[in-house]
Each structure stands twice: as structure tokens, then as C-alpha cells.
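Novice: This structure is in C-alpha cells; I'll ask about it shortly.
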Amino acid sequence: MTIVQPVPLPASESLAPAALARPSGTFAMVAMDQRESLRAMMSRHSAGDHVTDEAMVGFKLSVAHELAPLASAFLIDRQYGYDRVVADRLLPADCALVLAADALDQPGGVVADTDLDEQVDPQQARTDGVAALKLLVVWRRDARREQRIELAARFVARCREAGLASVLEPVTRPTPEEEAAGTFDLNASIVEAAAELAPLGPSLYKCQVPDRGIGSIAHLARQAERIDAVVDCPWVVLSQGVDPQVFPHAVEAVCRAGASGFLAGRALWTDALAGADPLPVLRGASAARLRELGDIVDRYGRPWQQARAATAQGGAA
């Protein structure tokens, strides 16, 4: 199968992710854009009772209130809580607002595929104070690879035209054949997806942690260097699939290899779902972990200005 080779965006047309960064030039960002997967997680802690939309919004707003002051950016979806975050001005001035622009095909809480959410108006988002849009792409070695490249390219172009930064988030999954044969290689697929999609020129590339964070810092850093070798823009990692207890260890490893930080949700706030009131955990363990992670990215992360494509842009924002 011939894969369409993307054409990198002209440096002058790319938007630097400066608004999403800490003063150090690194990223410590909170993801709160989970939808049916969050409902499923909350249901497991509520004796199987139906989790209402209002309950989901309430949890998201609690996370925003408690963790956004410690974050460089906060990601949320338009369906559950975005309007309240904007109307109530929940984010402090030094925490950028990022809006999910992905429509999710999500049977049973698991995202099977995605597309652009046409109900997200980039110009209106910018008026609302949004600094960046985010697109999740479910990447597989299947017949739809060209379509996914085209989808990601449309997303990056749409952000550029609206004057918004773009956060591109491929998550790799096995094909049914790979799953049945046990031949799926997570690390290789992360690198392969990055080689296909990062050249499209997103402001920030977001990917999985190699080996789900299992292994020594030296081992994980060696695996992450393979990602860094094919990504010509600032990149960060997500926390899905990584034990929250080892996520700081994983972030240190990828930052030592060239990553600029993280955009994470589950590693920060999952523990707060267990109790009837999430606030004590959010104010305690969650905030402490976010502070620890901020220290890690400041110490080991590559400032976004030092990424190769960002350097070519001359810091244009």
C-alpha cells in the first residue's frame, strides 16, 4: 500500500505552542476531554448506577477548579463543561484553554475511530479564549491510513486558518489480525505513526509512552529517542495505559529523550473518582502529583523553542 507523503507546512504558516507552555518552555497540561470513557469510569465507582451528564460536568469542573491553577493548559470537550469553563472564567490567565475538536466513534466507552467535529467552530473558539484545538486519531496498520493522514492534515490546516495552535494526538491500536496473531508492537507503531503524521506540521505532537511506562528510565529513554528522531516539532506524552504511580518516572524518561512534557488526565485525577466527594483527592494527591510532574518537565524537558521545527519558525506565535 502506498502511503501519501504529507507536505510539511511552511514555517511561516505554523503556529508555535507558546500559549500552552510553562515559563520554562515545557508543558504540564491537564486533559479533561474524556466522554463516554469517563462515564464508564465513574459508573464503576457508583455501584453501576447510571452516571448523568450533570455528574460528568460536575467532576470536570472540579478538576478544572483544583488543577488548572497548577497547569500550563487545560483540555476539555464541548459536550461536557466547556461552556461553563468559558462563561465562569474558571481558568487562571496562565493556564491556556484547549478544546477537543474530535468527534468520537465510541461504542461501549472505547474510542474505535474519530473524525473532525463539525460543530466546533474554530473562529468562535478563538473568540471564547481558546488557544489550541486537539484532534485524536486512532492509528492502525490498515487500509484507512491515507484517510487518517488526510484527516490530520485538514485539522492542522483548519487550526492554522483560525489562528489557533494544533495538538495532534495519534493513539496506536492493533488491527484484528495483529491482535489475533499477537504481533502488535506498541513501540514500533508509535514511531511509525509519528513518522507519518508529525510531518503534517502540528504545533504540538502528543503520543503514547513507550512500553506503557514499564522499565528503567534508561530503557524508556532509549525507546523514546526513536520517537524524537522522527518528530520535527515539540512533542509530549499522554498517560492512558500507564500506571498513575509510575507516570512521573515515565515522564522523566521521555523528557530525557527530547519530549517537552505531558498532556495527561487519568494519571492525575483517576483516584478522585473513588469517593463521593472528589475534592479532597484533587486538592491532595492529584495536586501533589501535578506539582511533581511540573518540576520534572522543568528539569528534564526540552523547551519547545529548541525543537527543530519550532527553531525554524523563529518562535512565531
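Novice: Take the stretch 231-271 and flag every residue that is surrounded by fewer than 20 Cβ atoms within 10 Å (Cβ to Cβ) and of a type in the set (A, V, I, L, M).
Specialist: Listed by number, the list holds a single entry, Val246.
Novice: Quick check on the stretch 120-156: of everything there that is surrounded by fewer than 16 Cβ atoms within 10 Å (Cβ to Cβ) and in contact (Cβ under 8 Å) with a residue 60 or more places away in the chain, which residue is farthest from Ala194 (Cα to Cα)?
Specialist: Checking each candidate, the answer is Ala143.
Novice: Name the residue that is most open to solvent (accessible area, probe 1.4 Å), counting only residues in the stretch 83-93 that are assigned to a helix (DSSP H, G or I) and either farther than 18 Å from Arg35 by Cβ or touching a residue at least 24 places away in the same chain (Cβ under 8 Å) (or both). Please lay out each step first, then the result.
Specialist: Kept after step one, since they are assigned to a helix (DSSP H, G or I), are these residues of the stretch 83-93: 83-87.
If we keep only those that are either farther than 18 Å from Arg35 by Cβ or touching a residue at least 24 places away in the same chain (Cβ under 8 Å) (or both) too, we end up with 84-87.
Numbers: Arg84: 119, Val85: 6, Val86: 41, Ala87: 77 Å².
It comes out as Arg84.
Novice: Please verify whether Asp117 is surrounded by 14 or more Cβ atoms within 10 Å (Cβ to Cβ) and touching a strand residue (DSSP E or B) at 6+ places or on another chain (Cβ under 7 Å), treating the condition exactly as stated. Break it down stepwise before answering.
Specialist: Details: surrounded by 14 or more Cβ atoms within 10 Å (Cβ to Cβ): yes; touching a strand residue (DSSP E or B) at 6+ places or on another chain (Cβ under 7 Å): yes.
It is true that Asp117 is surrounded by 14 or more Cβ atoms within 10 Å (Cβ to Cβ) and touching a strand residue (DSSP E or B) at 6+ places or on another chain (Cβ under 7 Å).
Novice: Tally up the residues in the stretch 272-310 that are among the aliphatic types (A, V, I, L, M), surrounded by fewer than 17 Cβ atoms within 10 Å (Cβ to Cβ) and at pLDDT below 95, please.
Specialist: Of the residues in that region, 2 qualify.
Novice: While we're on this one: Testing Pro107 on (1) modelled with pLDDT under 95; (2) open to solvent by 70 Å² or more (accessible area, probe 1.4 Å); (3) in contact with a helix residue (DSSP H, G or I) (Cβ under 7 Å, 6 or more places away or on another chain), one condition comes back false. Which one is that?
Specialist: Among (1) modelled with pLDDT under 95; (2) open to solvent by 70 Å² or more (accessible area, probe 1.4 Å); (3) in contact with a helix residue (DSSP H, G or I) (Cβ under 7 Å, 6 or more places away or on another chain), the lone unmet condition for Pro107 is (3).
Novice: Can you list residue pairs whose Cβ atoms sit under 6 Å apart, with the first residue in the stretch 163-182 being farther than 16 Å from Ala132 by Cα and the second being of a type in the set (A, V, I, L, M) and surrounded by 14 or more Cβ atoms within 10 Å (Cβ to Cβ)? Count only pairs 6 or more apart in sequence or on different chains.
Specialist: Listed pairs, sorted by first residue: Pro170/Val137; Pro170/Ala193; Pro170/Leu197; Val171/Val138; Thr172/Ile190; Thr172/Ala193; Arg173/Val138.
Novice: Are any of the residues in the stretch 49-66 free of Cβ contacts under 8 Å to residues at least 60 places away in the same chain, of a type outside the set (S, T, N, Q), touching a strand residue (DSSP E or B) at 6+ places or on another chain (Cβ under 8 Å) and closer than 30 Å to Glu292 by Cα?
Specialist: yes
Novice: Something else: Can you pull out the residues in the stretch 34-68 that are assigned to a helix (DSSP H, G or I), open to solvent by 70 Å² or more (accessible area, probe 1.4 Å) and of a type outside the set (Asp, Glu)?
Specialist: Arg44, His65
Novice: Only one of these is in contact with a Phe, Trp or Tyr (Cβ under 8 Å, 6 or more places away or on another chain) and of a type in the set (Asp, Glu): Glu161, Glu150, Glu178. Name it.
Specialist: On the way: Glu161 fails: in contact with a Phe, Trp or Tyr (Cβ under 8 Å, 6 or more places away or on another chain); Glu150 fails: in contact with a Phe, Trp or Tyr (Cβ under 8 Å, 6 or more places away or on another chain).
Only one candidate qualifies: Glu178.
Novice: Any idea how many residues of the stretch 190-223 are within 18 Å of the chain's Cα centre (by Cα), more than 26 Å from Glu150 (Cα to Cα) and crowded, with 22+ Cβ neighbours inside 10 Å?
Specialist: The qualifying residues number 1.
The values are calculated or read from the model by the stated rules, or taken from the named source; none is laboratory data. Quick caveat: nothing in here was measured; it's all calculated off a predicted structure. Virtual Cβ from ideal backbone geometry, glycine too; neighbours counted across all protein chains shown. Side chains are part of the model used for accessible areas, which takes the heavy atoms of the whole protein and leaves out ligands, DNA and RNA. Shrake-Rupley method; radii C 1.70, N 1.55, O 1.52, S 1.80 Å.
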